[in-house]
Each structure stands twice: as structure tokens, then as C-alpha cells.
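The values are calculated or read from the model by the stated rules, or taken from the named source; none is laboratory data. Worth saying up front: this structure is predicted, and the values here are computed from it rather than measured. Note that each Cβ is placed from the backbone with ideal geometry, even for glycine, and that neighbours are counted across all protein chains shown.
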Amino acid sequence: MVRAACSITSNIAEACGRGTVQEFRQFIIYARASAHELRSQIQVAALVEPTLCRPCRSLESRVTLVIKMLGRLHAHPPPDA
């Protein structure tokens with residue numbers, strides 16, 4: 001989970017360092033894929049350890065929000081990307 005979470009932020013940072021909108025968008029897609037990976041790992045954690053259901057649901061909803069935000073960022077990149 002830590003690797004997937006770090007991958008999200010690393011890909012966003014790399015997107016910001018790219019020179020074209022197309023490259024920016026590609027790294028946002030990578031970040032979104034890592035967020036999907038993280039969300040699935042959270043779901044598995046909740047299944048494996050039922051005592052973690054409540055915190056996992058909270059984390060899952062936050063990651064879902066990140067996925068939606070990355071989708072919007074992909075659709076509407078900043079003008080200087």
C-alpha cells in the first residue's frame with residue numbers, strides 16, 4: 001500500500017515536470033492507475049482483517065475522491081502543463 005501511495009504522488013510530481021500537455025496527461029493516468037491499485041489493496045485489507053473495516057472504508061472513500069480529482073485534472077490540465 002505504501003508503494004502504491006508513493007507512486008501516486010511521484011507520478012503527479014513527474015507530470016508537473018513534463019514539457020507537453022500530452023506527457024502531463026500520461027503521468028496523470030499513471031497516478032490514477034496507482035490510486036486504483038491502492039483502493040483495491042485497501043479493499044483486500046478490509047476482507048482479510050474485518051476489524052479494519054471502518055478505517056478501510058474511510059480510506060477507500062478518500063482514494064475514490066483522489067481518483068475523481070485525477071480524472072478531472074487529466075481532462076482539464078493546467079494551462080502551463
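Scanning region 41-61 for residues that are under 25 Å from N11 (Cα atoms) and exposed (fewer than 14 other Cβ atoms within 10 Å of the Cβ) gives V44, R57, S58, S61.
Within region 19-36, is even one residue buried (at least 16 other Cβ atoms within 10 Å of the Cβ) and among the hydroxyl-bearing types (S, T, Y)? Yes; the residues of region 19-36 include at least one that is buried (at least 16 other Cβ atoms within 10 Å of the Cβ) and among the hydroxyl-bearing types (S, T, Y).
Scanning region 1-39 for residues that are among the polar types (S, T, N, Q), farther than 20 Å from D80 by Cβ and touching a helix residue (DSSP H, G or I) at 6+ places or on another chain (Cβ under 7 Å) yields S7, S34. With a requirement of 1 or more residues that are charged (D, E, K, R) and over 15 Å from the mean Cα position of the chain (by Cα), the helices (runs of 4 or more DSSP H) lying completely within the chain that satisfy it span 21-48, 53-75. Selection of first residues in region 67-81 that are surrounded by 14 or more Cβ atoms within 10 Å (Cβ to Cβ) and of second residues that are among the small types (G, A, S) and modelled with pLDDT of 95 or more, restricted to Cβ pairs under 7 Å at least 6 apart or on distinct chains, gives the following pairs, ordered by first then second residue: I67/A35; L70/A31; L70/A35.
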